[in-house]
Amino acid sequence: MTGPSALVTGIGELVTNDASWGPGPLGLLADAALVVTAGRVAWVGAAGRAPDADERIDLGGRTVLPGFVDSHTHLVFAGDRSAEFAARMAGRRYDGGGIASTVAATRQASDDELRTRLRVLAAEMRAQGTTTVEVKSGYGLTVEDEVRALRLAREVTEETTFLGAHVVPAEYAGRSDEYVALVTGPMLAACAPYARWVDVFCEPSSPHAFDGPAARAVLEAGRAAGLELRVHANQLGEGPGVQLAVELGAASADHCTHLSDSDVEALAGGTTVATLLPGAEFSTRSPYPDARRLLGAGVTVALATDCNPGSSYTSSMALCVALAVREMRMTTEEAVWAATAGGARALRRFDIGHLAVGARAHLVVLDAPSHSHLAYRPGVPLAHPLQLDGPQSS
Ligand code: NIG
Ligand code: FE
């Protein structure tokens with residue numbers, strides 16, 4: 001070990017997501033400890049066998065898990081759509097049409113207004129145990145406004161996603177081919193330097209989003225520009241999104257609310273993670289995705305918040321875990337795994353989402369004796385990031 005080390009001990013339950021520690025996906029260890037050096041996990045094991053370290057933190061029997069990996073958010077926006085939410089709760093359907101009002105508000109906002117909101121939301125997430133967040137553009141929809149969104153997003157995360165193909169903006173109504181040409185041409189060229197990922201809202205059943213051929217064009221152009229792929233797929237109805245994502249080797253197909261048998265088969269046979277966003281079903285009063293069908297088929301499942309002002313204005317991964325358990329019948333183990341290791345897989349990250357030697361020491365403490373409390377005590381702020389002294393890397 002080099003540099004100052006910290007021993008975290010008194011861990012009543014340690015979620016490692018390292019299956020070599022025991023039965024089940026979480027690799028649970030009771031009465032555990034771990035040592036952190038230079039921001040990485042340097043040792044994991046029974047508290048009674050822990051080595052000495054420069055600093056010692058005793059958690060008094062609380063739970064430790066890897067930080068939540070929120071692999072799907074839209075945090076760069078202005079405006080408020082609480083009236084749209086209230087109308088939905090009174091019976092109106094969600095079809096993505098409200099995105100236009102956020103686009104209008106976002107275009108009018110100053111950089112500082114957007115930055116302030118983005119930082120508040122990112123801080124909210126951190127305070128609740130999210131240690132890695134993906135952030136999409138998609139509320140600018142001009143070359144300049146999409147670049148601006150991605151530059152701002154880069155201030156809070158490396159996991160930035162170009163979503164110029166979120167909807168067809170009002171000024172291109174009836175000319176979606178021309179808008180796709182803009183997205184795949186000058187907009188992509190200007191945005192690619194600030195993005196790791198490209199995404200598209202592939203939803204032929206929405207009058208505002210993109211059909212299969214348009215989505216393919218966006219994804220192929222993004223890939224040719226050096227970006228990796230993720231897809232908003234099958235949120236509002238069945239469609240080509242999931243199979244396109246699998247065919248093109250996307251890291252993740254997100255939403256997956258309406259799936260055919262062949263969609264499930266494709267996911268099970270491919271390398272694409274199914275990222276479920278139960279905050280969106282909660283907030284649009286839609287049927288939840290069938291997580292059991294996906295898990296039963298052997299599909300890798302992730303959970304994320306989809307934090308955005310329209311369909312899911314929550315920053316809480318703990319809420320998503322609770323919804324996944326209560327409403328989607330995931331076990332507590334499956335849901336916690338999906339919110340940590342699953343999110344890491346959806347971002348093709350191998351340094352986060354687990355707590356084995358060499359992994360980033362993104363530690364979250366639960367004020368509770370076991371991970372089940374995340375769902376057992378819904379709405380209670382149990383999860384906090386563990387701040388260690390000394391240099392920590394993100
Ligand atoms: O993931 N589905 C498309 N995009 C977002 C919703 C954005 C909005 O309504 O503002 C989603 O749910
Ligand atoms: Fe989304």
Among residues of region 189-224 being acidic (Asp, Glu) and not in a helix (DSSP H, G or I), the residue nearest to the chain's Cα centre (by Cα) is Asp199
Flagged in region 294-349 as more than 16 Å from ligand 2 (Cβ to nearest atom), among the β-branched types (Val, Ile, Thr), in a loop (DSSP other than H, G, I, E, B) and in contact (Cβ under 8 Å) with a residue 40 or more places away in the chain, in numbering order, are Thr300
Picking from Val183, Val200, the residue that is within 17 Å of Gly138 (Cα to Cα) and within 15 Å of ligand 2 (Cβ to nearest atom) would be Val200
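Taking region 229-270 as the search range and keeping residues that are assigned to a helix (DSSP H, G or I) and either more than 21 Å from the chain's Cα centre (by Cα) or of a type in the set (D, E, K, R) (or both), which one is nearest to ligand 2 (Cβ to nearest atom)?
Asp263
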Only one of Thr284, Thr275, Thr271 is among the hydroxyl-bearing types (Ser, Thr, Tyr) and closer than 22 Å to Thr332 by Cβ, namely Thr275
Across region 90-111, the tally of residues that are assigned to a helix (DSSP H, G or I), more than 13 Å from ligand 1 (Cβ to nearest atom) and either under 18 Å from Asp306 (Cβ atoms) or not polar (S, T, N, Q) (or both) stands at 2
Apart from one, (1) under 30 Å from Tyr313 (Cα atoms); (2) not in a loop (DSSP other than H, G, I, E, B) all hold for Leu75; the odd one out is (2)
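Could you check, for region 134-143, whether at least one of its residues is part of a loop (DSSP other than H, G, I, E, B), modelled with pLDDT of 95 or more and surrounded by fewer than 24 Cβ atoms within 10 Å (Cβ to Cβ)? If you could, list the steps in order and put the result at the bottom.
Here is the first cut: in region 134-143, the ones part of a loop (DSSP other than H, G, I, E, B) are 134, 137-142.
Still in the list and also modelled with pLDDT of 95 or more: 134, 137-142.
Filter once more, so that each one left must be surrounded by fewer than 24 Cβ atoms within 10 Å (Cβ to Cβ): 142.
The answer is yes; a qualifying residue exists.
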Of those in region 72-100 that are closer than 29 Å to Thr132 by Cα and away from ligand 2 (no atom under 16 Å from the Cβ), the residue surrounded by the fewest Cβ atoms within 10 Å (Cβ to Cβ) is Ser82
Residue hits (region 61-89; out of contact with any Ser or Thr (no Cβ under 7 Å at 6 or more places or on another chain) and either within 14 Å of ligand 1 (Cβ to nearest atom) or among the hydroxyl-bearing types (Ser, Thr, Tyr) (or both)) are His74, Leu75, Asp80, Ser82, Ala83, Glu84, Ala87
Considering region 2-53, residues that are among the polar types (S, T, N, Q) and in a loop (DSSP other than H, G, I, E, B), and then whichever is surrounded by the fewest Cβ atoms within 10 Å (Cβ to Cβ), we arrive at Thr2
Output for Cβ contacts, cut-off 6 Å, separation at least six or different chains, first residue under 26 Å from Pro193 (Cβ atoms) in region 160-179, second among the polar types (S, T, N, Q) and modelled with pLDDT of 95 or more, reads Phe162/Ser137; Leu163/Ser137; Val168/Ser176
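The values are calculated or read from the model by the stated rules, or taken from the named source; none is laboratory data. In this text, all values refer to a predicted model and were calculated from it rather than measured experimentally. Neighbour counts are summed over all protein chains in view; Cβ atoms, including those assigned to glycine, are modelled from backbone coordinates with ideal geometry.
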